[in-house]
Amino acid sequence: MRHALDGEYRRYEQRQLAALLGEAHTSHFGALVATFRLWQERRRIRRQMARDMQTFNEAMFEDVGMTRKEAAREVRKPFWRPLGA
């Protein structure tokens with residue numbers, strides 16, 4: 001079975017996400033905007049995972065270092081919770 005992804009996955013580690021939040025945000029408004037962007041990115045990643053995991057076989061999950069059960073748990077998380085936590 002051939003699998004095609006729409007767009008690209010952008011997976012961030014926690015320290016990368018923290019760096020994105022800390023990038024030159026000197027105002028409270030800048031920090032708020034950065035937080036909303038981070039939440040939007042998490043939501044996008046989780047929606048894409050939910051859509052794509054339906055077509056993944058077990059070897060594909062193994063390639064990314066997750067089980068189907070772990071991926072399903074990740075998809076169900078609310079957007080304000082960090083990825084992988």
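The values are calculated or read from the model by the stated rules, or taken from the named source; none is laboratory data. This is a predicted model, so every value here is computed, not measured. A quick note on method: Cβ atoms are made from the backbone with ideal geometry, for glycine too, and the neighbour counts reach across all protein chains shown.
Of the set (1) loosely packed, with under 14 Cβ neighbours inside 10 Å; (2) closer than 23 Å to A19 by Cα, all apply to E58 but (2).
Just for region 39-50: of the residues that are free of Cβ contacts under 8 Å to residues at least 40 places away in the same chain and not hydrophobic (A, V, I, L, M, F, W, C), which one is nearest to Q16 (Cα to Cα)? Ranking the qualifying residues of region 39-50, first place goes to E41.
Checking each residue in region 61-85 for being of a type in the set (G, A, S), exposed (fewer than 14 other Cβ atoms within 10 Å of the Cβ), within 21 Å of Q16 (Cβ to Cβ) and modelled with pLDDT of 85 or more picks out only G65.
Every residue, every condition in (1) modelled with pLDDT of 90 or more; (2) touching a Pro at 6+ places or on another chain (Cβ under 8 Å); (3) not hydrophobic (A, V, I, L, M, F, W, C); (4) not in a helix (DSSP H, G or I), yes or no:
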residue: T26; (1), (2), (3), (4): no, no, yes, yes
residue: A34; (1), (2), (3), (4): no, no, no, no
residue: R43; (1), (2), (3), (4): yes, no, yes, no
residue: R51; (1), (2), (3), (4): yes, no, yes, no
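Note on region 53-80: residues that are touching a residue at least 40 places away in the same chain (Cβ under 8 Å) and either in contact with a Lys or Arg (Cβ under 9 Å, 6 or more places away or on another chain) or part of a loop (DSSP other than H, G, I, E, B) (or both) total 5.
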